[in-house]
Amino acid sequence: FPQGGYVPLLIGSGVFIVMITWRWGRKLIHQEYRNEQAMTVKELVVLKQDAQTFIDRSVVIMAHKMIRTRNDTVPLLTGFFTDRYGLLPKNLIFLNIITKKVSHIRKNRCEIRVFQKEAGRGSIVSITMMFGFMENPNVEAVLEGLAQKHKIRLPVDPGNWLIHVSSEKLVPTKKIDPIKRFMLNFFLILKRNSLPAYHYYGLGKEVNLSMEITPVKVS
């Protein structure tokens with residue numbers, strides 16, 4: 001150990017601390033999202049049917065989970081988007097991306113659920129998009145293919161899309177204990193030096209991104 005055996009032990013300990021801190025921070029963020037009240041798909045459909053005017057464009061909102069039934073909740077970004085612009089988009093697409101435990105997805109990459117589709121009033125659609133762990137995910141290309149095949153209501157030109165994403169801002173409360181404060185500061189350093197999920201999935205190259213800063217209190 002004194003002759004150099006401590007080196008791999010220190011490296012392993014450092015990697016372990018990084019992994020534990022990153023998992024703690026992501027779990028904290030997901031828990032905060034779960035605690036917030038969000039409307040269901042059924043409530044959103046009713047809200048859209050009662051609306052008289054819409055933003056005349058297609059908007060893709062990133063979802064943290066699969067949305068398969070009308071009883072599932074929609075992302076909080078939906079409410080943030082409505083508060084910001086005052087209207088719902090004419091065509092609303094919820095996009096959830098999953099990395100499967102296989103190297104490549106050969107077929108059935110996308111699972112599409114249509115919750116509302118009316119002439120003149122647009123649509124509400126949920127897409128679950130799957131990639132293998134060896135693939136280089138290019139979400140824009142897959143969405144463009146779905147648009148060209150008229151499976152979803154998106155302009156063929158990605159430059160006319162709008163994808164709404166979130167970026168969390170962690171804010172410590174006054175009663176936070178010293179250990180949590182240290183972990184939070186370390187997590188913020190890791191977060192600043194990591195690639196955002198939308199960048200990893202190839203979003204923002206040709207598509208317009210709209211970002212919502214979401215405060216998350218840590219106590």
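The values are calculated or read from the model by the stated rules, or taken from the named source; none is laboratory data. This is a predicted model, so every value here is computed, not measured. In this analysis, Cβ positions are derived from the backbone assuming ideal geometry, glycine residues included, and neighbour counts consider all displayed protein chains. With ligands, DNA and RNA removed, areas are computed over all heavy atoms of the protein, side chains included. Shrake-Rupley method; radii C 1.70, N 1.55, O 1.52, S 1.80 Å.
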**Study point:** Intensity falloff of the range 95-149 expressed as log10 I(q)/I(0), Debye formula with alpha-carbon point scatterers, at q = 0.15, 0.24, 0.29 Å⁻¹
**Key:** -0.48, -0.99, -1.24
Revision key, fill the gap. So, relative contact order of the range 126-205 in percent, Cα under 8 Å, 6 or more apart, is 41
Review point. Relative contact order for the chain using alpha-carbon pairs under 8 Å, separation at least 6, rounded to a whole percent?
Key: 20
**Study point:** For the range 21-84, alpha-carbon Rg relative to the globular expectation (2.2 N^0.38 Å, N residues)
**Key:** 1.30
**Study point:** trypsin sites (Lys or Arg not before Pro) within the range 161-216, DSSP loop, no more than 13 other Cβ atoms inside 10 Å
**Key:** 174, 175, 205
Exercise for review: Would you grab the residues whose amide H sits under 5 Å from the one on residue 39? Only those 5+ places off in sequence or on another chain, please, with H modelled 1.01 Å from N.
Suggested key: 74
Point to revise | Potential extension, residue 111-residue 68 segment - 0.36 nm per residue separation minus Cα distance | key: 14.6 nm
Check your understanding: Dipole of the range 106-219, Cα-centred, from +1 at each Lys and Arg C-beta and -1 at each Asp and Glu C-beta, to the nearest 20 debye?
Key -> 440
Check your understanding: Which one of 163, 17, 93 has the biggest mean-square fluctuation once the chain is modelled by GNM with Cα springs under 10 Å?
Key -> 17
Check your understanding: Here are some pairs, 107/191; 151/191; 65/107; 65/205; 48/100; 27/175; which of them have Cα atoms lying more than 31 Å apart in this structure?
Key -> 107/191; 151/191; 48/100
Review point. Roughly to the nearest percent, how much of the accessible area of the range 1-159 is carbon and sulfur, given a 1.4 Å probe?
Key: 55
Check your understanding: Roughly how many Å is it from the Cα centre of the range 173-198 to that of the range 72-141, as a whole number?
Key -> 29
Study note, to complete from the structure: Those GluC sites (Glu not before Pro) from the range 1-109 that are DSSP loop and have at most 13 other Cβ neighbours within 10 Å turn out to be 36
Check your understanding: Tell me which aspartates and glutamates have Cα within less than 15 Å of residue 42's Cα, excluding those fewer than 8 residues away on the same chain?
Key -> 50, 72
Practice item. May I ask you to derive the FRET efficiency for residue 211 and residue 18 from their Cβ-Cβ distance with R0 = 30 Å, giving the value to the nearest 0.05? Key: 0.70
Exercise for review: With the convex hull built on the Cα atoms of the chain, state its orientation-averaged projected area in nm².
Suggested key: 15.5
